[in-house]
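The values are calculated or read from the model by the stated rules, or taken from the named source; none is laboratory data. Source: prediction; values computed, not measured. Counting neighbours? That spans all protein chains shown, and the Cβs are built from the backbone with ideal geometry, glycine included.
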């Protein structure tokens with residue numbers, strides 16, 4: 001999709017957790033306020049849950065922006081790690097050098113680090129994303145980290161973030177000690193239909209759009225119905241809509257464009273020539289267009305294309321990498337016909 005066609009300065013519906021695009025619904029504001037309060041008041045364990053795609057990671061990045069320079073944070077993204085891996089990740093994030101080889105030595109080094117920070121009036125936070133994937137035994141070892149404390153303060157604040165399955169896992173009998181230590185629970189709900197409308201317009205505004213009515217009301221209503229208020233799904237549908245809208249040179253996205261995007265997402269079907277139209281608009285010359293067919297039909301054709309027109313290949317590969325296979329098949333059909 002050509003950003004300038006819609007008057008955009010950046011992609012409005014990327015699925016990356018950019019806090020600049022965070023739309024503060026009442027649910028998000030409450031969760032962010034609870035997280036901030038929990039860390040400021042040293043609540044120990046905090047649990048944040050929400051359905052897949054509701055913006056938990058984006059919210060965490062917004063939280064990190066709120067924390068001052070006196071707060072050190074270890075952010076563990078890979079929840080498939082065993083406890084030893086989590087501990088090693090923490091030490092690396094905290095910049096603890098020469099922690100030792102054994103787990104006992106590493107825990108001792110971590111404890112000293114936490115004590116020194118507390119004496120300096122500084123706080124330390126561990127955030128584990130996708131925590132529903134952690135094995136019960138690993139969660140129990142994470143709980144033991146909360147034993148780093150003084151008679152009056154917790155030395156380490158721990159935030160567990162995950163899908164609703166995390167709540168169910170915390171009900172396991174073997175995790176009852178962890179459950180008792182949870183000082184605060186936060187939940188991110190899906191967006192309401194009205195919030196979906198404001199969410200889409202907010203992302204367009206942040207991306208530089210001058211026309212916030214780019215999506216018709218009927219289109220937004222269909223997106224809200226299909227996505228069930230899940231921001232990630234909203235982003236994916238809207239991104240497809242802008243792509244096909246650009247191919248058709250439509251300045252306004254209506255319900256029909258949404259239905260086509262949904263059909264593609266659900267069934268993997270799309271008018272092939274729609275994508276070829278996009279490619280034609282991105283490529284400058286008939287020769288370059290012919291080279292697309294060569295790259296699709298002949299072995300090594302893509303290498304030739306990359307050698308002769310690296311800038312062109314980069315331009316089309318960047319925005320449309322996910323459609324490369326579809327473009328290649330369509331180009332092959334063109335040559336055969």
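For segment 117-126, check the following and say yes or no: at least one residue is touching a strand residue (DSSP E or B) at 6+ places or on another chain (Cβ under 9 Å), modelled with pLDDT of 95 or more, surrounded by 19 or more Cβ atoms within 10 Å (Cβ to Cβ) and more than 17 Å from residue 41 (Cα to Cα).
no
Specify which of the listed residues (143, 176) is free of Cβ contacts under 8 Å to residues at least 24 places away in the same chain, in a helix (DSSP H, G or I) and in the same structural domain as residue 32 (by TED's automatic domain parsing).
176
Out of 216, 221, report the one residue that is surrounded by fewer than 21 Cβ atoms within 10 Å (Cβ to Cβ), touching a strand residue (DSSP E or B) at 6+ places or on another chain (Cβ under 8 Å), modelled with pLDDT of 95 or more and over 20 Å from residue 10 (Cα atoms).
Result of the check over 216, 221: 216.
When you check residue 40 against the structure, is it within 16 Å of residue 61 (Cα to Cα) and surrounded by fewer than 19 Cβ atoms within 10 Å (Cβ to Cβ), yes or no?
no
Across segment 179-221, what is the total count of residues that are free of Cβ contacts under 8 Å to residues at least 60 places away in the same chain and in a helix (DSSP H, G or I)?
The total comes to 14.
Pick from 171, 263: which is without any contact (Cβ under 8 Å) to a residue 12 or more places away in the chain and part of a loop (DSSP other than H, G, I, E, B)?
Only one candidate passes the filter, namely 171.
Please verify whether residue 85 is more than 27 Å from residue 34 (Cβ to Cβ), under 23 Å from the mean Cα position of the chain (by Cα) and in the same structural domain as residue 35 (by TED's automatic domain parsing), treating the condition exactly as stated.
yes
On the given criteria, is residue 99 farther than 21 Å from residue 39 by Cα, buried (at least 18 other Cβ atoms within 10 Å of the Cβ) and over 27 Å from the mean Cα position of the chain (by Cα)?
yes
When you scan segment 5-20, do you find a residue that is touching a strand residue (DSSP E or B) at 6+ places or on another chain (Cβ under 9 Å) and surrounded by 17 or more Cβ atoms within 10 Å (Cβ to Cβ), even just one?
No - not one qualifying residue is present in segment 5-20.
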